[in-house]
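The values are calculated or read from the model by the stated rules, or taken from the named source; none is laboratory data. Bear in mind that the values here come from a model prediction, so they are computed numbers and not experimental data. Quick reminder, even Gly has a Cβ in these numbers, built from the backbone with ideal geometry, and neighbours come from all protein chains shown.
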Amino acid sequence: MKIWTQHHAALLDALRAERYIPPLYRRLSRERYEADDEEWRRLSDWPSLLRKEAGWRIIEPVLEQPDAWPAAWHQATEAGWTTTAEHHHALLFGRLADRFIADEEYEHALWSWTESWRAWKAVLSTGYMRDLLSDVAPLDEDEDEEAKERTRETHRTILLELLDHRIQSRVHALRVCLSLDDEARSVEVIDRRGLRFGWNALLLLGEQLRDVEEAEDPNGTLRRIRRKSSSAREQIATEVIARFERMIEAVDLADAPSNEVLLPFEWIAEVFDIIGYTDYAVTTAVTKAVEICWRMRKMGREDRTDDLPKILQLITPFNKDLFRRLEAGTSFGHNSKCADFLVFQGEPLSDHDARFEIFSRAVQISPGHRNASMLLSYEYLQVTRAALGRAKLMLATMRHIPGNTKPEQTLKEAYDALAMARHHYSPNERIPDYQEQLEDEAARLGVDLTQWEAAPAPDDDDEREDRDE
Amino acid sequence: MSDKPSDHDLEKGNPFDLLGLDPRMSPRELTEVLRQRAERALPEERAQLQGLWRKLTLKESERIKFALLAHPRGSRQGAQKLDALRDKVPPFLSRKKLEPLTPTALDALVSPSDAAQRELPLAPPARFPTSNDHD
């Protein structure tokens, strides 16, 4: 008679499940949930498996110490789980994430989501799934190799669809958070927490799978999931922008109240503040803002309401991001819109330094931009005027003091600023007046202006861009 | 935040998990196991088993999905309740031959303590009640 039967083994497994499932489930659900009967059934073989794992020695002593978690779990994970254990973990954490999402416990949901995909990555990086599939649905040995490969591909597609379903669940939830699922629903109410979670979940998934190499992903499943997570984010961002554009088109600037005009901009500003800027988002938002600012100016709405500065304020982060992209060369083709925006921002400023800085940036990003160049030209005249003002306070006799270069330095400053004003906008009608004043002061202080004529011209001599606006 | 009907239905109502079955079982093995269970089941349980059997065997792609989303099993026995498992475990019989019982003088000298006596179901009372105790 056998002393140790399969029934003994099953009983021992069940006793271990009874002992270990409650604390494990409690700790891994971040002290939120208890394992119900269904979870017991699903996880019944898990504790016996875990006890053989390297990580068990780390978590077993702290099973009854909630404060030691999840650090202990991460430490145990670093020690490495077997693929079978990771299959348990992928499924368990997936369910926990769903439960946390339903309860709007997004911090824990994100942790469980990340743990689930970490475990899936571990599972899919080995031949475990291939072996499981060949056990679950053995290939017909009578078939030729081509037919077998088709069957294998069908099986891989089933697996991919199951995993993609999790991504599509997040996409669907994100669309609900943003009211994208219903065109009739106003976008005013954003589920910010849900949006932040859903977006970060997709973002983290992409990051988790970023470095997957072919060697650890021979069937390409992980890389396909990575692409799907990336395209899911692109899809949401594209839908947001499309909705934004439709909202703007629906606004009648002639008599729409301010809240209607501002709503699309408030919405897109809030959404992308949470999900992060994309090239398409910044170019569209800036382009639309500039277009609507011009229209408001032409219609005289700019004088009746303060919508224009509010739109500029809302879209400023987009333009800053666009500026960085253009400067870094990661974006192109929207330089003049970026400069337009800066000009709109700079126009109402009264401080010379601030105006000089913002128009310089506009010319820097869009060399020859007509309006920016003209406005910058006037700011250079301000510099000229200031230098001439200082020069006028100097006594003509100062030129006889040996070693005194102050008059010459001051006039050089005026000379250079005037040259820059001319460089940026030669038709500036104030230039001749300042030129005359400069020559008068040079004559009075005995400074020869021709000495600087041979100096190299400013290097910023790109062709000017013609603008009608 | 609402959620789309998803593969969670596959997970939640996963027959492999519900029945504690090994996902690697073939359709034929599944049919056999479920037939045996149905024979012992009550009528309403039988209907449920039939429903789960249909879910597992009608469409291979569905069975594969359920299998991939089922928790791995260490054995093909399936998860069972503790009481049922205890009943299946045969009584422990040691193969070691015990020494024959031989009375010694020590047995005569060592008698159970009072405490032990009280726990013995057939132990006599330490003292018999007097008539006053009855009053």
*Within region A:225-244, track down each residue that is crowded, with 18+ Cβ neighbours inside 10 Å and either in contact (Cβ under 8 Å) with a residue 60 or more places away in the chain or over 13 Å from the mean Cα position of the chain (by Cα) (or both).*
A:Ile225, A:Arg226, A:Lys228, A:Ser229, A:Ala232, A:Ile236, A:Val240, A:Ile241, A:Arg243, A:Phe244
*Return a yes/no flag: does region A:197-204 have any residue that is over 23 Å from A:Met247 (Cα atoms), within 11 Å of another protein chain (Cβ to nearest Cβ) and either crowded, with 16+ Cβ neighbours inside 10 Å or acidic (Asp, Glu) (or both).*
yes
*State whether the residues of region A:374-386 include one that is out of contact with any Cys (no Cβ under 6 Å at 6 or more places or on another chain), part of a loop (DSSP other than H, G, I, E, B) and small (Gly, Ala, Ser).*
no
*Applying the selection to region A:163-179, what residues are in contact with a Lys or Arg (Cβ under 6 Å, 6 or more places away or on another chain) and either surrounded by fewer than 18 Cβ atoms within 10 Å (Cβ to Cβ) or assigned to a helix (DSSP H, G or I) (or both)?*
A:Asp164, A:Ile167, A:Ser169, A:His172
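I need the full set of residues from region A:24-63 which are among the acidic types (Asp, Glu) and more than 16 Å from A:Ala85 (Cα to Cα), in order please.
A:Glu31, A:Glu34, A:Asp36, A:Asp37, A:Glu38
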*Residue count, region B:35-64 (criterion: touching a Ser or Thr at 6+ places or on another chain (Cβ under 9 Å) and over 12 Å from B:Asn14 (Cα atoms))*: 2
*Would you check which residues across region A:439-453 are outside any helix (DSSP H, G or I) and hydrophobic (A, V, I, L, M, F, W, C) and list them?*
A:Val447
*asked:* So, in region A:139-168, how many residues would count as being farther than 17 Å from A:Asn219 by Cα and at the interface with chain B (Cβ under 8 Å from one of its Cβ atoms)?
replied: 3
*Does at least one position in region A:245-260 carry a residue that is touching a residue at least 40 places away in the same chain (Cβ under 8 Å) and crowded, with 20+ Cβ neighbours inside 10 Å?*
no
*Do you know which residues across region B:17-48 are surrounded by 15 or more Cβ atoms within 10 Å (Cβ to Cβ), touching a residue at least 24 places away in the same chain (Cβ under 8 Å) and more than 14 Å from chain A (Cβ to nearest Cβ)?*
B:Val33
*Spot the failing condition for A:Leu411; the list is (1) surrounded by fewer than 18 Cβ atoms within 10 Å (Cβ to Cβ); (2) modelled with pLDDT of 90 or more, and only one is missed.*
(1)
*asked:* Here is a list: A:Leu202, A:Leu222. Which entry is under 16 Å from A:Glu115 (Cα atoms) and more than 21 Å from the chain's Cα centre (by Cα)?
replied: A:Leu222
*Could you pull out every one of the helices (runs of 4 or more DSSP H) wholly within region A:1-120 that has 3 or more residues that are facing another protein chain (nearest Cβ under 10 Å), modelled with pLDDT of 95 or more and over 32 Å from the mean Cα position of the chain (by Cα)?*
A:83-102
*Which one of these is hydrophobic (A, V, I, L, M, F, W, C) and in contact with an Asp or Glu (Cβ under 8 Å, 6 or more places away or on another chain): A:Leu110, A:Leu132, A:Leu180, A:Leu159?*
A:Leu180
*Collect the residues in region A:261-291 that are charged (D, E, K, R) and modelled with pLDDT under 95, keeping them in residue-number order.*
A:Asp279
_Residues satisfying the stated conditions in region B:62-83, i.e. assigned to a helix (DSSP H, G or I), modelled with pLDDT under 90 and either surrounded by 15 or more Cβ atoms within 10 Å (Cβ to Cβ) or at the interface with chain A (Cβ under 9 Å from one of its Cβ atoms) (or both)_ = B:Leu82
_So in region A:307-341, with the set limited to residues that are among the small types (Gly, Ala, Ser) and surrounded by fewer than 23 Cβ atoms within 10 Å (Cβ to Cβ), which one is nearest to A:Ser366 (Cα to Cα)?_
A:Ser336
*Does A:Leu222 count as among the hydrophobic types (A, V, I, L, M, F, W, C), touching a residue at least 24 places away in the same chain (Cβ under 8 Å) and surrounded by fewer than 16 Cβ atoms within 10 Å (Cβ to Cβ)?*
no
*Kindly provide the set of residues from region B:52-61 that are in a helix (DSSP H, G or I) and more than 9 Å from every other protein chain (Cβ to nearest Cβ), ordered by number.*
B:Leu52, B:Trp53, B:Arg54, B:Lys55, B:Leu56, B:Thr57
_Search result, residues across region A:414-430 that are surrounded by fewer than 22 Cβ atoms within 10 Å (Cβ to Cβ) and within 12 Å of A:Arg385 (Cβ to Cβ)_ = A:Arg430
